[in-house]
Amino acid sequence: MHLIAPSILAADFGNLQRDIEMLNQSEADWIHVDVMDGLFVPNISFGFPVAKVAYKYAKKPLDVHLMIVDPDRYLKGFKDAGAAGITVHFEACPNLHRTIQVIKELGCRAGVALNPHTPVTMLQDIIADLELVLIMSVNPGFGGQHFIEHTYTKIKEAKKLSEQHNPGLYIEVDGGVDQSNAAKLVKAGANVLVAGSAVFSSGDPASVISSLKHPEKLLQS
């Protein structure tokens, strides 16, 4: 069974406790925390204070996605803020192997994200050391973007690498994930779906999470 990781980037920050408690009661497995610095991506989201608030109320693991330059400076800070997993971008890490080792030494799940233009083959030499690969299905920086169709091919490529070198790998997809493509993403090989706008823009977020968790029901309806 695949996992669902709603992104609180799309939550109501004025009612963050309420939204996190909704996630606690839902079929969500992780809580995805998108951190943006305005440099690596053209947007700024939030940092340690909001992550700590999320951790205070969350009963599910925080899946922290660092869309920032030089993430090594902040790995321990996010671990201390409650991260169960930390994902850094391939494009932001000149010494990626060392960065991954530090994340593991901190006791967090170590992940690497790939922007839409970065081929999966770039992970060939490090995939055995990873616990998660995040395939970006939009250009990172803003929620609510349209899904990039080539993502399916990249998921299949990541799945093939995983089968060869790291069968227990999480293959996560983030960007434009909703009820229309969840089943196809899982079929391609994704086993973690991140959804933000699709969940929090809905009148019934918990129901959307349930439908993403069980996309086969959508196909039957």
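Nothing in this text is a laboratory measurement; each read-out follows from the coordinates by a stated rule. All figures in this text were calculated on a predicted structure; none of them were measured in a lab. Glycine also receives a Cβ, built like all others from the backbone with ideal geometry; neighbour counts cover every protein chain displayed.
Enter the per residue convex hull volume of segment 3-220, computed from alpha-carbon coordinates, in Å³ rounded to the nearest integer.
Output value, Cα hull per residue: 109 Å³.
For segment 1-156, give the magnitude of the charge dipole about the Cα centre (Cβ charges: +1 Lys/Arg, -1 Asp/Glu; no others), in debye to the nearest 20.
The dipole magnitude comes to about 260 debye.
Can you work out the Karplus-derived ³J(HN,Hα) for every residue in segment 156-170? Use 6.51 cos²θ - 1.76 cosθ + 1.60 with θ = phi - 60°, whole Hz, and x for glycine or proline.
Ordered by residue, 3J(HN,Hα) equals 4, 5, 5, 4, 5, 4, 4, 4, 7, 10, 7, x, x, 5, 7 Hz.
By average Cβ neighbour count within 10 Å, what is the ranking of 94-105, 79-90 from highest down?
Result, highest mean Cβ count within 10 Å first: 79-90, 94-105.
Just name one of PHE13, MET1, GLY77: the one whose Cα is farthest towards the positive end of the charge dipole of the chain (beta-carbon charges, Lys/Arg +1, Asp/Glu -1).
So the residue furthest toward the plus end is MET1.
Need one number: nm distance between label points at PHE13 and HIS146, each 7 Å from Cα along Cα→Cβ, rounded to one decimal.
For PHE13 paired with HIS146, the spin-label model returns 2.8 nm.
I need the phi-derived Karplus couplings for segment 193-208: 6.51 cos²θ - 1.76 cosθ + 1.60, θ = phi - 60°, integer Hz, Gly and Pro marked x.
The phi angles translate into 10, 9, 9, x, 4, 4, 7, 7, 8, 7, x, 9, x, 5, 5, 5 Hz.
Using 30 Å as the Cα-Cα cut-off, could you pick out the over-long pairs in LYS60/LYS187; LYS104/LYS213; LYS56/LYS154; LYS52/LYS160; LYS104/LYS154? Display every interim value, and only then the final one.
Numbers: LYS60/LYS187 25 Å; LYS104/LYS213 28 Å; LYS56/LYS154 35 Å; LYS52/LYS160 36 Å; LYS104/LYS154 25 Å.
Correct reply: LYS56/LYS154; LYS52/LYS160.
Is it possible to state the helix-based mean residue ellipticity at 222 nm for the chain, with each DSSP H run of 4+ residues giving -39500 (n - 2.57), the sum divided by total residues, to the nearest 500 deg cm²/dmol? What is it?
That comes out to -9500 deg cm²/dmol.
List the relative contact order of segment 3-220 as a percent without decimals, with contacts defined as Cα pairs under 8 Å and 6+ residues apart.
20 percent
Using 0.36 nm times the number of residues separating THR121 and TYR57, minus their current alpha carbon distance, what extension gain do you get?
Extra length from THR121 to TYR57 when fully extended: 19.2 nm.
For ALA113, what residues show an amide H to amide H distance below 5 Å, using hydrogens built from the backbone and excluding near sequence neighbours?
Placed amide hydrogens put VAL88, HIS89, PHE90, LEU134 under 5 Å from ALA113.
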